[in-house]
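The values are calculated or read from the model by the stated rules, or taken from the named source; none is laboratory data. Computed from a prediction, not measured in an experiment: that's the story for all the values here. Backbone-built Cβ (ideal geometry, glycine too); neighbour counts: all protein chains shown. Just so you know, the surface numbers come from the protein's heavy atoms only, side chains and all, with ligands and any DNA or RNA stripped out. Shrake-Rupley method; radii C 1.70, N 1.55, O 1.52, S 1.80 Å.
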Amino acid sequence: MYDFLLSDDEKALKAEARRFAKEDVPSSLIRSMDADQIRYPREFLEKAASRKLLGLRFERQWGGRASKWTGEVAALEEIGVLGSSLSCLYALVSIIGEAVHVFGTDEQKEKYLKPTLEGKLCCAEALTEPRGGSDFFGATTVARKDGDHYILDGQKRFVVGAEGADYFLVYAKTAPDAPPHQSISAFLVDRDFGVEVKHVYGLLGSRGGGTGRIYFKDVRVPARQLVGPEHGGYLVFNRMMIPERLTTAAACLGMARCSLEVAARYANRRKAFGDLIRKYEAVSFKLADSLTRLDAARSLVYVTACHVDQGMDSRRMVSEAKKTSTEMLWSVVNDCMQVMGGIGYTNVYPIERFLRDARLQMIWTGTNEIMSLLIQHEFFRELLGKPADARNVEMDALDEEGEEEKVYE
Ligand SMILES: Cc1cc2nc3c(=O)[nH]c(=O)nc-3n(C[C@H](O)[C@H](O)[C@H](O)COP(=O)(O)OP(=O)(O)OC[C@H]3O[C@@H](n4cnc5c(N)ncnc54)[C@H](O)[C@@H]3O)c2cc1C
């Protein structure tokens, strides 16, 4: 239904991603990951790479397809049906790739971006620390300059892919006393520089993606591993927020869509009181409301993709898309479980896994509270900087004499 928004090439790409999700990813992989029997599914990334499905937006010379965001979002909706672990590992290439593609040197692109898109190297993003993830500028991991090296000390946690990654994109303080926006730098840090990785907790969902804690103890990182300007990590972070939030938003569409289809098929077969349950409004209206919420979220995600493609400042839109789509997913999967009754709560159907996966979406890549923080901040900035060229509807109030009652302090 949304294909009319896509070019012919994007439709073909979406179909390729759909075929990949259907034919190249065995159910046994998803089951083993969920059971924590697989800690990191490297073969999934290798397979996606062999189909040239990784890092779609990046230039062809690095192995991408020079696709637009609309194409990537369409592909990600198809990958989303695999659940949040696999779609996150898939998206990490797009997220870290963005930093290297936009800020990296050609040498870094050759050494990291290209082999990542070829499935030869795996990456992970190390931003969150035990002391907090929301407050980016509060980072305590430090990188001290030592000649033509930096010495990294600190730790990061909740790093998806930590267990299998060959390299990490790490944010560390290089100028702890400088104003926050000029205090942090981004680095590409190879695992074999001496990064220690630990698997320290079980997860409610999104399992099998190698989420772990990583430690830097006097890790020597050559200065050429800086991504972007020294102390300019904020620029990299700001840019990476676009793929972080948009990929999360897009993958949620796929998870919601397939959950809804499972519940609708069930409602079309399951009987209660002698009739199909879909005949009961309490059931069919839940499905209708879920579909409406899914379509509303999808509309926002696609418009946001177009917005980013136009090169506009999309911080507010990507935050709105992330918040809307993740909240949509949670409520849709919850309603799907309700439609299916007790069996939906069991592991006979994958709805319970999607529910566990869905919960994370409102927390990672920036919590939805942080999305709200940014949305209102950008809104006030736009509102207060706006020229007064629109009708002043305050003057249409019934009490035209009421100006003096407008007391603000
Ligand atoms: C399974 C999993 C995978 C993850 N993957 C990665 C990864 O690959 N790489 C990575 O770097 N991180 C990753 N994260 C971390 C994730 O992004 C953080 O958990 C998230 O940003 C929140 O940080 P926190 O957990 O430290 O919570 P805190 O920052 O401590 O926040 C706690 C609560 O306070 C609220 N809060 C904080 N500040 C404000 C404020 N100013 N206004 C309003 N509310 C506020 C938050 O919304 C939240 O509800 C992952 C997390 C999980 C659970």
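General remarks:
- When the range 325-354 is filtered for residues that are more than 18 Å from Val283 (Cβ to Cβ) and either in contact (Cβ under 8 Å) with a residue 24 or more places away in the chain or of a type in the set (A, V, I, L, M, F, W, C) (or both), the ones remaining, listed by number, are Ser325, Thr326, Glu327, Met328, Leu329, Trp330, Val348, Pro350, Arg353, Phe354.
- Looking across the range 187-212, the residues that are open to solvent by less than 60 Å² (accessible area, probe 1.4 Å) and part of a strand (DSSP E or B) come down to Phe187, Leu188, Val189, Asp190, Val197, Gly212.
- Against the test of being touching a helix residue (DSSP H, G or I) at 6+ places or on another chain (Cβ under 6 Å) and of a type in the set (A, V, I, L, M, F, W, C), the options Leu235, Leu203, Leu226, Leu246 yield a single qualifying residue, Leu246.
- Considering (1) open to solvent by 10 Å² or more (accessible area, probe 1.4 Å); (2) at negative phi; (3) among the small types (Gly, Ala, Ser), the lone condition that Ser94 does not fulfil carries the number (1).
- Taking the criterion of being acidic (Asp, Glu) and within 30 Å of Gly202 (Cβ to Cβ), the residues of the range 1-60 that qualify are Asp24, Asp34, Asp36, Glu43, Glu46.
- Unique residue being at pLDDT 95 or above, over 18 Å from the mean Cα position of the chain (by Cα) and farther than 20 Å from Arg353 by Cβ when the list is Lys68, Lys22, Lys11: Lys11
- Restricted to the range 351-409, and to residues there that are within 16 Å of the ligand (Cβ to nearest atom) and aromatic (Phe, Trp, Tyr), the residue that is farthest from Met255 (Cα to Cα) is Phe380.
- Breaking point among (1) within 16 Å of the ligand (Cβ to nearest atom); (2) open to solvent by 10 Å² or more (accessible area, probe 1.4 Å); (3) in contact with a helix residue (DSSP H, G or I) (Cβ under 7 Å, 6 or more places away or on another chain), for Ala66: (1)
Rundown of residues vs (1) touching a helix residue (DSSP H, G or I) at 6+ places or on another chain (Cβ under 6 Å); (2) in contact (Cβ under 8 Å) with a residue 60 or more places away in the chain; (3) at positive phi, yes/no style:
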site: Leu54; (1), (2), (3): yes, yes, no
site: Phe58; (1), (2), (3): yes, no, no
site: Ala99; (1), (2), (3): yes, yes, no
site: Gly104; (1), (2), (3): no, yes, no
site: Cys123; (1), (2), (3): yes, no, no
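- A single member of Phe216, Phe237 is among the aromatic types (Phe, Trp, Tyr) and closer than 24 Å to Thr324 by Cα, and it is Phe237.
- Residue within the range 376-387 that is farther than 30 Å from Gly205 by Cα and either open to solvent by less than 40 Å² (accessible area, probe 1.4 Å) or among the β-branched types (Val, Ile, Thr) (or both) present: yes
- On inspection, Tyr215 does not qualify as under 17 Å from the mean Cα position of the chain (by Cα), not in a loop (DSSP other than H, G, I, E, B) and not charged (D, E, K, R).
- Selection from the range 135-183 of residues that are over 30 Å from Pro115 (Cα atoms) and within 12 Å of the ligand (Cβ to nearest atom): Asp135, Phe137, Gly138
- From the list Val308, Val301, Val283, the one residue that fits, being aliphatic (A, V, I, L, M), over 19 Å from Met241 (Cβ atoms) and buried (at least 20 other Cβ atoms within 10 Å of the Cβ), is Val283.
- The listed residue being at pLDDT 95 or above, among the β-branched types (Val, Ile, Thr) and outside any helix (DSSP H, G or I), out of Ile363, Ile375: Ile363
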